[in-house]
Structures are given as C-alpha cells and as structure tokens.
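The values are calculated or read from the model by the stated rules, or taken from the named source; none is laboratory data. All values derive from a computational prediction rather than experimental measurement. FYI the Cβ positions are ideal-geometry reconstructions off the backbone, even for glycines, and counts take in every protein chain you see. When the accessible area is computed, the model is the full protein with side chains, heavy atoms only, and any ligands, DNA or RNA have been set aside. Shrake-Rupley method; radii C 1.70, N 1.55, O 1.52, S 1.80 Å.
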Amino acid sequence: AEIFYKSGLLDEAVRVSKLIEPQDNKEHYEKAQYNIAAVYEEQGDTDAALKIWSEMEEDSSEIYSRAQYNIGAIKNDIGKFEEAKKAWGKVKKNGSPEAYARAQYNLASRLNKEGKEDDAIRALGNIEKKDDPEVYAHAQYNIGVGLNRKGYTKDALNVWWKIEVENSLEAFNLAQYDICIVSIEDTQYRDIAK
C-alpha cells in the first residue's frame, strides 16, 4: 500500500490498505486506516477522511496524534473552530512531538483571533525546541509579540534575542526586526547599536 501511495497509485493504495483487518495487527490496521483517510483527503473527500480519523481509538500513538492534528486543520478550514480546538487539544506530545507543536501553534493562533492572548501565549509556551525547532522559533517570536503588546517589552526582547537563525530564518529575521524597532522607537529601551 505504501509503495502504491508513493507511486501515486492512490486507488490501489486504498484497495490494498482495506485488506488489513483490526484482528490482523492493530498497529498496521490503524496505520492503514490513517493512510486511507489521507488519500481521501488528498482526493478532496474530507468528509470520508474525517469519518475515518474520528473513529480512531484514542491513545498516545503517533497515528492518533497526527489524525487529531488533521481533524483540527480541516475543521479550522471549514470554520468549525471549537471542533478544531478540541481536536488539537487531543494531540499527544509523546505520540508525535511535531504534530503536537503544530497543534499548539494553531491553537494559539485561533485563541489570539478570539482575543484570548494569555491562553495563546500559554499554548505557545507548551512548544519545546525538541518538538519541532522551526515551529518553536515561530512560537517564541509570537510569545515576544504578545509580551511586547502587553507592555512586557524587556521580556519580549529577551525572548526575541534567543531565537536562533538555524531554527527558522524567517522567525529570526522577524525577531531581529522587532528588536530594531523597539531599540529605535521605545525611549526606555533605546539602543541604536542594537
């Protein structure tokens, strides 16, 4: 099934994946179901994908975490924000650190749009560098933005200074730019050399 999928033979990948039964091997069955849903999503049948991913048994596996992340992304795209937040909240860090980091980042973005900046900052703070260095760098940048907006400029500057270029050039550049703006415009933190 994976060979068919990688070769672009999606219908064949689904056909072979459907041959795997839960009693054969639970782990392979769950992975096959995940992949079937991924094919459906890729083919534009998000309802079928959501149905499969939603029926997965809750556990701390990578497959479950990735499925919940995908459910959240689809629900967010169709404007079902509460359902998206609920799905992202089910992503397990020990299942998939990368999916967890992206879920927390997306959750924070959603919370910010709802005016819940403190909750958003907490969600961003849940992301660790080892989860996904690039998402972590963006999270740190956004934590700095939130802190600066709330008047904690010194804390924001400290967060921005710690963003490393090798984790995300974009987040690093944004942080450096904001450091410059604060260092020029904020009389309390004016430092033209910075």
Go through the stretch 109-129 and count every residue that is within 14 Å of the chain's Cα centre (by Cα) and not in a helix (DSSP H, G or I).
4
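Say we look at the stretch 82-103 and pick out the residues that are in a helix (DSSP H, G or I) and open to solvent by 70 Å² or more (accessible area, probe 1.4 Å); which of these is farthest from Asp59 (Cα to Cα)?
Glu82
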Residues in the stretch 1-60 that are closer than 18 Å to Trp88 by Cα, crowded, with 19+ Cβ neighbours inside 10 Å and among the small types (Gly, Ala, Ser): how many?
3
Restricting the stretch 112-121 to residues that are under 16 Å from Ala156 (Cβ atoms) and charged (D, E, K, R), which is least open to solvent (accessible area, probe 1.4 Å)?
Glu117
Test for Glu164: is it part of a helix (DSSP H, G or I), of a type in the set (Asp, Glu) and open to solvent by 30 Å² or more (accessible area, probe 1.4 Å)
no
For the stretch 1-60, what are the residues that are among the small types (Gly, Ala, Ser) and farther than 24 Å from Asn76 by Cβ?
Ala1, Ser7, Gly8, Ala13, Ser17, Ala32
Looking only at the stretch 171-194, filter to residues that are surrounded by fewer than 13 Cβ atoms within 10 Å (Cβ to Cβ) and of a type in the set (D, E, K, R); which one of those is modelled with the lowest pLDDT?
Asp191
Just give me the residues in the stretch 167-191 being more than 21 Å from Asp131 (Cα to Cα) and either in contact (Cβ under 8 Å) with a residue 60 or more places away in the chain or assigned to a loop (DSSP other than H, G, I, E, B) (or both), in sequence order.
Asp186, Arg190, Asp191
Hey, Asn106 within 12 Å of the chain's Cα centre (by Cα), open to solvent by 30 Å² or more (accessible area, probe 1.4 Å) and polar (S, T, N, Q) or not:
yes
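Are any of the residues in the stretch 40-49 free of Cβ contacts under 8 Å to residues at least 12 places away in the same chain and part of a helix (DSSP H, G or I)?
Yes - at least one qualifying residue is present in the stretch 40-49.
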Any residue in the stretch 110-122 that is without any contact (Cβ under 8 Å) to a residue 40 or more places away in the chain sitting within a Cβ distance under 6 Å of a residue that is surrounded by 12 or more Cβ atoms within 10 Å (Cβ to Cβ) and polar (S, T, N, Q)? List the pairs, counting only those 6 or more apart or interchain.
Ala120/Asn112
Among the residues of the stretch 129-149, is there at least one that is open to solvent by less than 20 Å² (accessible area, probe 1.4 Å), farther than 21 Å from Ala99 by Cβ and either of a type in the set (Ser, Thr, Tyr) or in contact with a helix residue (DSSP H, G or I) (Cβ under 6 Å, 6 or more places away or on another chain) (or both)?
yes
